[in-house]
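The block underneath contains the structure these notes are about, expressed in structure tokens.
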Amino acid sequence: MGVLPKGRAWLRRGAACALLCASLSAQVQDAPPSEYQVKAAFLYNFGRFVEWPPQPRPPSAFTICVLGQDPFGPVLDELIKGKTIQDLKVVVRRLERVEDAGDCRILFISSSEDVRLAHILATLHGRSVLTVGEAERFAHRGGMINFRLEGAKVRFEINPDAAGQAGLTISSQLLKLARIVHESPQSGV
Amino acid sequence: MLNLRDYSIRKKLTWICMLTSGAVLVLASAAFLAYEWTAFRGELLARLSTQAQIVGSNSAAALLFQDQPAAEQTLAALKAEPEIRAAAIYNREGRLFASYSRPGAQAESSLPRVAGLQADRESFEGGNLVLLRQIVQNGEGLGTVYIQSDLQGMGRRVRRYVVILLLILGASFLASFVIASRLQSLIAQPVLELAETAKIVSQGRDYSVRARPGNRDEVGLLIETFNQMLAQIEERDVELGKGREQLEQRVEQRTAELAATVKELEGFSYSVAHDLRAPLRHISGFSNMLAEQYGPSLDPNAQRYLERIQNGARQMGMLVDDLLNLARIGRQEMRCQATGLNSLLDEVLADLKPEADGRKVEWRIGRLPFVECDPSLMKQALYNLASNALKYTRPREKAVIEVDARVQEGVTVIVFRDNGVGFSMKYADKLFGVFQRLHRPEDFEGTGVGLATVQRIIHKHGGRVWAEGELDKGATFYFTLEPADQKSSHDKISTGAMATHDGTSS
């Protein structure tokens, strides 16, 4: 029952918001953007609203990693071209194994890794990596942000506890837009 | 336009105070209002700018994550600012993302179309403040916040200020009127008192009055100066009075000296004339005896010489008699009594009858008054004047001699007019001098003492005598006398010569 949305303001909105996110590139302006174009933009925008703890060795780039089967295709690469977050150049890296996620700031965990999720999250435990997924109950299971669809609109859930444990601070502005969930693995699958 | 010039100092001062304070208040209020107006605008602008900033930064995430409801919620917070009619958020392409309009206001249609990202700007247009603020995050423009606000609040506030200012203005005007009315007495009161004092002084010619000393200001100085002036006038008055007294004393002294001298001179001339009589009697007596006893035996030349001596002696005798007479008049005490001039003149005419014998003489005698005089002296004067008139009308076939009296400026004037040979007015002042003669002795005999005697008599009576005439057109003699009821002493020496001059010019 806890998963069901309560009467939140954004749920009452229709699917009329056909506008593309401001960050999307000009070429797709006319056609309504695809789901993964929106998700790519969101993925990048999350970086603006999350604070990472200071690191002893300053990173050379802001790395966005995609673990497992990449659903974005070229969209993500095109999007981050020439972009910076917190004065760091944004780069995209695709990983096979979670052990390679050493310098990742944001880790998108593809649905293909769903079965290994517990292992992945355990591996990342104690490291300041923002985990983003799109699997069912991803956030409930210990992921931090989970994309979900409400009709044609892309929305997201946030598990602030998970982010807090990883030492990440999520902006209240972002929290305001999200559905907040808490860890409840036993009620899942 | 009120004309201040003719107002009293009281009113002037009050008006000056009120106009001054009024002008100051109006100017200050105007400046205050103008400042308030611009301050309101600045304040409103700053407040709305802050609101826009807040809305902008609060809706950055909503814009980035396409959450229109969240953005509209953020905008709805603007309800707290009642001036805001409408607000909107545009995305970076310039499309309307979220909008807000004040309850009851139809603002949707008034929202502008914008193209892409808008630069920050604000403008007051048509009673509205329009404000555009870019939504910036991490240096990246995400969209634009638009806020439209009316100036009603501002208008309300300014109206309230105007009402308050008008109240203050009215109250201050009233207060300044009261204060000015009280304070004007500080200046006006002493001035009015001074004016009152000046009026008393000028009306009563009382220079001993002093104005009450005032404060130590300009008016006080004026009062002090005024008092000093009064003191000076008073001092001068006293000095003038002293001077006049001294002058009177000096005149009296001189008059007494003069009278003494005149008396001395009269005495001298009397004794000279008197002493001349004895040798003259010898001359005339012995020349007469010579003519009687030895006349026939003398040759004709000697007889003519003798005759000349006898004539000279007779002439001299008359002269000495006249002089003695004149001197006696000066010395003689007057015995005045009311005397009718008509009867006196009748006696004179009777005495003169022999002289008018064989001549046509018309006497025209008017009604003459009773006067207070010494009858014998007055008779002498009338005699001299009448005989004078008879003498100088001798060349006329018919002599007309008028004697009349008239009252001129309260004084009785006796007039003797004849149609004789007259005289030139050039010599009018010499007529009454002793031994002064205008005619040759061959034409008219005389000693030149007659008119001098008249003058002395009239002066002794306190009157004046003068003459008018023209050559060949007769002469008129005037003298004045006081009427019988006015009793006074005429023993004073009078300035007769001056009176005569006055008379001749009239």
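Details
- So B:Ala399, is it over 21 Å from B:Glu445 (Cβ atoms), assigned to a strand (DSSP E or B) and not β-branched (Val, Ile, Thr): no
- The single condition from (1) more than 14 Å from every other protein chain (Cβ to nearest Cβ); (2) surrounded by 20 or more Cβ atoms within 10 Å (Cβ to Cβ); (3) more than 24 Å from A:Phe72 (Cβ to Cβ) that A:Gly142 fails is (3).
- Scope the stretch B:58-74; condition assigned to a helix (DSSP H, G or I), in contact with a strand residue (DSSP E or B) (Cβ under 7 Å, 6 or more places away or on another chain) and either over 14 Å from A:Ala41 (Cα atoms) or among the small types (Gly, Ala, Ser) (or both); matching residues: B:Ala60, B:Gln68, B:Ala71, B:Glu72
- If the condition is being within 13 Å of chain B (Cβ to nearest Cβ) and of a type in the set (Val, Ile, Thr), then the stretch A:149-184 contributes A:Val154, A:Ile158, A:Ile170.
- Residue match in the stretch B:10-23 (condition: more than 30 Å from A:Leu79 (Cα to Cα), away from chain A (no Cβ under 14 Å) and either modelled with pLDDT of 90 or more or exposed (fewer than 13 other Cβ atoms within 10 Å of the Cβ) (or both)): yes
- Considering the stretch B:116-145, and only residues there that are among the small types (Gly, Ala, Ser) and not in a loop (DSSP other than H, G, I, E, B), the residue that is farthest from B:Asp67 (Cα to Cα) turns out to be B:Ser123.
- Looking only at the stretch B:359-391, and only at residues there that are in contact with a His (Cβ under 8 Å, 6 or more places away or on another chain) and not in a strand (DSSP E or B), the one that is surrounded by the most Cβ atoms within 10 Å (Cβ to Cβ): B:Met378
- Qualifying residue in the stretch B:39-49 (condition: within 14 Å of B:Ile135 (Cβ to Cβ) and either hydroxyl-bearing (Ser, Thr, Tyr) or open to solvent by less than 20 Å² (accessible area, probe 1.4 Å) (or both)): yes
- Unique match (being in contact with a strand residue (DSSP E or B) (Cβ under 7 Å, 6 or more places away or on another chain) and either touching a residue at least 40 places away in the same chain (Cβ under 8 Å) or surrounded by 14 or more Cβ atoms within 10 Å (Cβ to Cβ) (or both)) among A:Leu79, A:Leu95: A:Leu95
- Some residue of the stretch B:411-428 being among the acidic types (Asp, Glu) and open to solvent by 30 Å² or more (accessible area, probe 1.4 Å): no
- Matching entry among A:Pro71, A:Pro32, A:Pro54 (being surrounded by fewer than 16 Cβ atoms within 10 Å (Cβ to Cβ) and either away from chain B (no Cβ under 13 Å) or at pLDDT 90 or above (or both)): A:Pro54
The values are calculated or read from the model by the stated rules, or taken from the named source; none is laboratory data. These numbers were taken from a predicted model, which means no experiment stands behind them. Positions of Cβ are backbone-derived with ideal geometry, glycine not excepted, and every protein chain shown enters the neighbour counts. Side chains are part of the model used for accessible areas, which takes the heavy atoms of the whole protein and leaves out ligands, DNA and RNA. Shrake-Rupley method; radii C 1.70, N 1.55, O 1.52, S 1.80 Å.
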